[in-house]
Amino acid sequence: MNLASWLGRAARAYPSAPAIAKGDTVVADYRTFGECAARIAAALASLGLGRGDRVGIAAKNCVEYLHMLYGIWWGGYAAVPINAKLHGAEIGWILDNSGTRVLFADSSCANAVSEHMPNRLERVIEIGSREYQALTASEAVPLTRQAPDDLAWLFYTSGTTGRPKGAMLTHRNLVAASFGYLTDVDPCVAGNGLLHAAPMSHGSGIYIMGTVAQLGVNIVPDSGGFEPDEIFGLFNIQPRTSMFAAPTMIKRLVDHGADTPRDVRTIMWGGAPMHVADTIRALDRFGPVFAQIFGQGESPMTGTVLSKADIANRDHPRWREKLATAGIANTAVDVRIGGPTDETLPHGEVGEILIRGDAVMPGYWQNPEATFAALKGGWLHTGDVGSMDEDGYVSLKDRSKDVIISGGSNIYPREVEEVLLRHEGVREVSVIGRADAEWGEIVVAYVAGDESSATPQALDALCLESIARFKRPKHYVFVEALPKNNYGKILKTKLRETDSQNPE
């Protein structure tokens, strides 16, 4: 099935139902939304695209994002949503690796990628331009039928070994993830809102489909992002509105001085755990509206869930203990804890978290080696370490990968290290995460080399030439040498221990 068929169904059966809001104003009903998608599909066909071709979106959250995403699916193409905060070189690499032929971009992203466009990219269409307006005035075309296992969304994620990998998410994957969301995380009915304060290219975007299936209203803030004043106001305008947020966003809402919104449906968090004390503060401020999810791009937002009922149930004898977990398996998947040979470990023992189900990707784009490693034995190997208690609640113990999660965004150390090593004054470097009350973690670089030339200012400038600003180290620690084992491998564990004892 084609994910866009849910939009087609709504446009036919409930054409006047509100579908999209910009700030506090409904700007499209389902008839209009469906027509916009069908026109964009026609425009892409007129450019010579064929079924399954990749179409990129690099933009901050905007109303057009919804039109473009569904237009891509309506025409039988695959979407490549790209984080708008990335550096132009990073966007260019993703476009090249995915073989994207057409890119929709806002003016900022279009400018950023202009010097890094791959040869295979045939066209960059700036959102809101005359070209965009002309293309979206095309005559609508019928919905293209798709097989469940056709590619729908190429989600670029990363490990600690270098370049991003494209997790292939099919229509089947996203249907399963949507059902899991609506069943376990955030049930909704017609007219309920979903507020997109987090990027639609990632977590918030994964929840668009379930909202469309239930005739909900996708709400795009006027700012295109997260501004607490604006968020509080929008919660009070659209009844029963939900929002996906990183823990740092929730902390900012809790600390905000505005009156507490009256009718919030659900605030889901993911991307990083939240401290128990912070969760209790949020409950005290907003009431029983919070749910936690654990997942990753390879099983989009679909791994475990700590439900609103679990988080709010203060009478449970193990309430605080449950608040410290990532919850139980989402109904769309199976979850278990695997040992060194992938055997299922007994309750309480620590191992790798493994996930299996229709929400799990079939593999990485043009990367069979990484696919084999990730999906050994038919289970997604998350690289995250945890344990499961006798009731099925999963506790995250650590990450076997060295991913740094700052403000809900993943930062991959080797990517930063490779940039820093370009400086002639840097002999060796290791990047780690340091615990931070506001951001969860911040990026810290341990550098061995010539401190007189490899100054923090020089290294900052080097980073800003190649990677997104949010990946830049917040602190540089200069050392004579980095700790290593007998094989010469840098011991990040030792660095983290040292850093925790002597933070700057």
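When all alpha-carbon pairs of the range 369-427 are counted, what percent fall beyond 15 Å? Numbers along the way, then the final one.
Details: 1182 of 1711 pairs.
Roughly 69 percent, once rounded to a whole number.
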(request) May I ask you to give the solvent-accessible area per residue for the range 374-504, in square angstrom, as obtained with a 1.4 angstrom probe? (result) 50
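Would you rank THR211, THR331 by solvent-accessible area, highest first, keeping every protein chain in place and using a 1.4 Å probe?
Working: THR211 0, THR331 100 Å².
Ranked list, largest accessible area first: THR331, THR211.
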(message) If you average the C-alpha positions of the range 161-227 and of the range 265-322 separately, how far apart do those two centres end up, in angstrom?
(response) 18
(request) On the protein heavy atoms, probe 1.4 angstrom, tell me the percent of accessible surface of the chain carried by carbon and sulfur. (result) 49
(message) Can you give me the accessible area per residue for the range 105-227, using a 1.4 Å probe, in Å²?
(response) 39
(request) Using just the helices of the chain, give the 222 nm mean residue ellipticity in deg cm²/dmol: DSSP H runs with n ≥ 4 each add -39,500 (n - 2.57), and the total is spread over all residues, rounded to 500. (result) -9000 deg cm²/dmol
(request) Report ³J(HN,Hα) in whole Hz for each residue of the range 330-342, in order, from the Karplus equation J = 6.51 cos²θ - 1.76 cosθ + 1.60 where θ = phi - 60°; Gly and Pro get x. (result) 4, 5, 7, 9, 9, 9, 8, 9, x, x, x, 10, 6
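Give the Kirkwood hydrodynamic radius (Å, one decimal) of the range 207-322, defined as one over the mean of 1/r across all pairs of different Cα atoms.
Numbers: mean 1/r = 0.0664 Å⁻¹.
Taking every pair of different Cα atoms in the range 207-322, averaging 1/r and inverting gives 15.1 Å.
When DSSP beta bridges are limited to those with both residues in the chain, what percentage is antiparallel, rounded to the nearest 5? Display every interim value, and only then the final one.
Working: 47 of 82 bridges.
Counting DSSP beta bridges with both partners in the chain, the antiparallel share is about 55 percent.
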(message) Which three extents, in angstrom, do the Cα atoms of the range 330-391 have along their principal axes, listed largest first?
(response) 39, 26, 16
(message) Can you give me the accessible area per residue for the range 1-103, using a 1.4 Å probe, in Å²?
(response) 30
(message) How large is the direction-averaged shadow of the alpha-carbon convex hull of the range 306-426, in nm²?
(response) 10.5
(request) Could you tell me the convex hull volume per residue, in Å³, taken over the Cα atoms of the range 29-174? (result) 109
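Taking only the C-alpha atoms, wrap a convex hull around the chain and report its volume per residue in Å³ as a whole number. Walk me through the intermediate numbers first.
Details: hull volume 76.0 nm³, N = 504.
Spelled out: Cα convex hull of the chain, divided by residues, is 151 Å³.
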(request) Determine the alpha carbon to alpha carbon distance for each of LYS471/LYS494; LYS60/LYS474; LYS165/LYS308; LYS308/LYS471; LYS60/LYS322; LYS60/LYS397 and list only those over 30 Å. (result) LYS165/LYS308; LYS308/LYS471; LYS60/LYS322; LYS60/LYS397
(request) DSSP loop (so not H, G, I, E, B), at most 12 other Cβ within 10 Å: list which chymotrypsin sites (Phe, Trp or Tyr not before Pro) in the range 434-504 pass both filters. (result) TYR487
(message) Using DSSP to call loops (not H, G, I, E or B), can you name the GluC sites (Glu not before Pro) in the range 404-454 whose Cβ has at most 15 other Cβ atoms within 10 angstrom?
(response) GLU424, GLU438, GLU451
(request) Just reorder ARG163, ARG318 by solvent-accessible area, largest first, 1.4 Å probe, all chains present. (result) ARG163, ARG318
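List the equivalent ellipsoid semi-axes of the range 69-137 in whole Å, largest first, each obtained as the square root of 5λ for an eigenvalue λ of the Cα gyration tensor.
Details: eigenvalues 71, 44, 23 Å².
They are 19, 15, 11 Å, listed largest first.
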(request) Report the accessible area of ARG54, computed with a 1.4 Å probe over the heavy atoms of all protein chains in place, in Å² rounded to the nearest 10. (result) 40
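Report Rg(Cα)/(2.2 N^0.38 Å) for the range 349-504, keeping two decimals. Mind showing how you got there, number by number?
Numbers: Rg = 17.9 Å, N = 156, 2.2 N^0.38 = 15.0 Å.
The value comes to 1.20.
The values are calculated or read from the model by the stated rules, or taken from the named source; none is laboratory data. The shown structure was predicted, so the numbers you read here are calculated from the model rather than taken from an experiment. Counting neighbours? That spans all protein chains shown, and the Cβs are built from the backbone with ideal geometry, glycine included. For accessibility, only protein heavy atoms count, side chains too; no ligands or nucleic acids. Shrake-Rupley method; radii C 1.70, N 1.55, O 1.52, S 1.80 Å.
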